[in-house]
Amino acid sequence: MIACGLDFGTSNSAIGIKRDDVVTLVPLEDDKTLIPSAVFFDYETNGQVLFGTDAISAYVGQTEGRLMRALKSILGSPLIDEETSLGSRKVPLTTVVELFVRHLKQKAEAVAGREITSIVHGRPVRFVDGDSQADARAQDVLEAVARRVGFRNVRFVYEPIAAAHHYEQTVSREELVLIADIGGGTSDFSIVRIGPQRRDRTDRTDDVLATAGARVGGTDFDTALSLAAVMPLLGFGTQLVKKNLPMPNALYYELATWSTINFAYTYKNERDLAELALDAREPEKVGRFLKVIRERLGHRLAFAAEEAKIALSGVDRAEVSLAFLEDGLVASTKRAGFERAIAAKTDRLYRTASDCISAAGLSGDTIDTIFLTGGSSRMPAVRSAIARAAPSARLATGSDFLSVALGLTQLAGRTA
Ligand SMILES: Nc1ncnc2c1ncn2[C@@H]1O[C@H](COP(=O)(O)OP(=O)(O)OP(=O)(O)O)[C@@H](O)[C@H]1O
Ligand SMILES: [Mg+2]
């Protein structure tokens, strides 16, 4: 029996195989088992498709083409039915997801030495907030993709349940755990009873006391940082003279959001911006914005914002070079200002964690451990927001980027 576990993440993905009860993560880039969820269509080679780090390097190296990231964020929205322009042709966004999943499947099969048709596929507790139809549709899209690439037996498992299974392998006594998986697109919680005596039971339904999720993640923190520190250098918040209004916000939001960057690249936007620049009180800033649209530099800005965000997890202030846009241009960021800009979002994490505990019929002081996982759980403001939901709990961490994939693969081949 051979089956695989797939963690298709907003920012990063991993796939594992389970054979004869042995779990192995598949090397995806040299010996690395984690790959950025990125696809690049190279126009220079007439549509060669690159994945992961290669995709990002080609884009950053200014190869003519199109970079796609954060596709998971639009699975539950009407945008997933859109196509992306690749030079003279158009490709449905679902096809981009399919190419990426097929790439991972082929890597897994190369290691397994045979076809794999059975998969445990991760999913967030909520792809979309407050719209269960859209949420169900997002899973349907992923299931259809999985079937198109050749998986016949497809089972979905909540990502924070998978992380709980992974964490359970490391404990030596029974615990009541709040799992908090704070990723790139979503934050997912579960309350699970775990322990060495429980882990081999086939039916764990009674051990899962509650799950909860919010569509808040690292990409939203990047957006917030970009709007606070980067976009003002491109004219966000500056005034128009004759119109006596601020620059329109919508385009800045579109460009500051990973999943919508490519939608900002239109001739209409170029024309509108060129016109707005003529009426701008600070035309040099709007001129930078126009350059970003013309030269397709939106993902470069997003990477710069993400880099500053990651730096602010360890230091109080960080300078981000925007030299690719203009010689010597730098955005300055401070942790305190960043944390104020994301306060509503971190508060949402606190509330979602608290609601999860209440939904389990428990109070915060009964939780033994909070297991923090996912890249965004490294942010001090995120950790303290979640810790507030169960202040007496011990904080545990481990395998921030791989716990979900490992848990999904452990569950592969099981029926429940
Ligand atoms: N040290 C750090 N500080 C802050 N954020 C970080 C750090 N390291 C990584 N991140 C962020 O973590 C996010 C990626 O985490 P992860 O790989 O867990 O997400 P994902 O699984 O792809 O997303 P999701 O599970 O939401 O679909 C990115 O937004 C990244 O910028
Ligand atoms: Mg994840």
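The values are calculated or read from the model by the stated rules, or taken from the named source; none is laboratory data. These numbers come from a predicted model, not from an experiment. FYI the Cβ positions are ideal-geometry reconstructions off the backbone, even for glycines, and counts take in every protein chain you see. Surface accessibility is based on the protein's heavy atoms, side chains included, excluding ligands, DNA and RNA. Shrake-Rupley method; radii C 1.70, N 1.55, O 1.52, S 1.80 Å.
Odds and ends about this structure:
- ALA344 satisfies every condition listed in (1) away from ligand 1 (no atom under 13 Å from the Cβ); (2) among the hydrophobic types (A, V, I, L, M, F, W, C); (3) under 30 Å from ILE119 (Cα atoms) except (3).
- The stretch 110-131: number of residues that are modelled with pLDDT of 95 or more and out of contact with any Gly (no Cβ under 9 Å at 6 or more places or on another chain): 6
- Subset of the stretch 257-303 [open to solvent by less than 20 Å² (accessible area, probe 1.4 Å) and outside any helix (DSSP H, G or I)]: ALA280, LEU297
A quick yes/no check of all residues on (1) within 16 Å of ligand 1 (Cβ to nearest atom); (2) within 18 Å of the chain's Cα centre (by Cα):
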residue	(1), (2)
ALA256	yes, yes
ALA264	no, no
TYR267	no, no
LEU312	yes, no
VAL315	yes, no
TYR350	no, no
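- Top-ranked residue of the stretch 350-365 - restricted to ones that are touching a helix residue (DSSP H, G or I) at 6+ places or on another chain (Cβ under 8 Å) and not aliphatic (A, V, I, L, M), ranked as farthest from SER187 (Cα to Cα): SER363
- If only residues of the stretch 378-398 that are in contact (Cβ under 8 Å) with a residue 60 or more places away in the chain and either in contact with a Lys or Arg (Cβ under 6 Å, 6 or more places away or on another chain) or assigned to a helix (DSSP H, G or I) (or both) are counted, the one that is surrounded by the fewest Cβ atoms within 10 Å (Cβ to Cβ) is PRO380.
- Members of the stretch 39-79 found to be in contact (Cβ under 8 Å) with a residue 40 or more places away in the chain, assigned to a helix (DSSP H, G or I) and surrounded by fewer than 18 Cβ atoms within 10 Å (Cβ to Cβ), listed by number: VAL60, LEU79
- On inspection, GLY185 fails the criterion of being away from ligand 1 (no atom under 15 Å from the Cβ), touching a residue at least 24 places away in the same chain (Cβ under 8 Å) and buried (at least 24 other Cβ atoms within 10 Å of the Cβ).
- Check on LEU225, touching a Lys or Arg at 6+ places or on another chain (Cβ under 6 Å), within 13 Å of ligand 1 (Cβ to nearest atom) and modelled with pLDDT of 95 or more: yes
- Which listed residue is touching a Cys at 6+ places or on another chain (Cβ under 9 Å), within 16 Å of ligand 1 (Cβ to nearest atom) and touching a residue at least 60 places away in the same chain (Cβ under 8 Å), from ILE35, ILE15: ILE15
- When residues in the stretch 304-341 are screened for being more than 16 Å from ligand 2 (Cβ to nearest atom), acidic (Asp, Glu), assigned to a helix (DSSP H, G or I) and in contact with a helix residue (DSSP H, G or I) (Cβ under 7 Å, 6 or more places away or on another chain), 1 of them pass.
- Given (1) in contact with a strand residue (DSSP E or B) (Cβ under 6 Å, 6 or more places away or on another chain); (2) outside any loop (DSSP other than H, G, I, E, B), index of the condition ILE116 fails: (2)
- Test: residue in the stretch 156-163 that is at pLDDT 95 or above, touching a strand residue (DSSP E or B) at 6+ places or on another chain (Cβ under 8 Å) and surrounded by fewer than 22 Cβ atoms within 10 Å (Cβ to Cβ): yes
- Residue within the stretch 39-49 that is under 27 Å from GLY113 (Cβ atoms), at pLDDT below 95 and out of contact with any strand residue (DSSP E or B) (no Cβ under 8 Å at 6 or more places or on another chain) present: no
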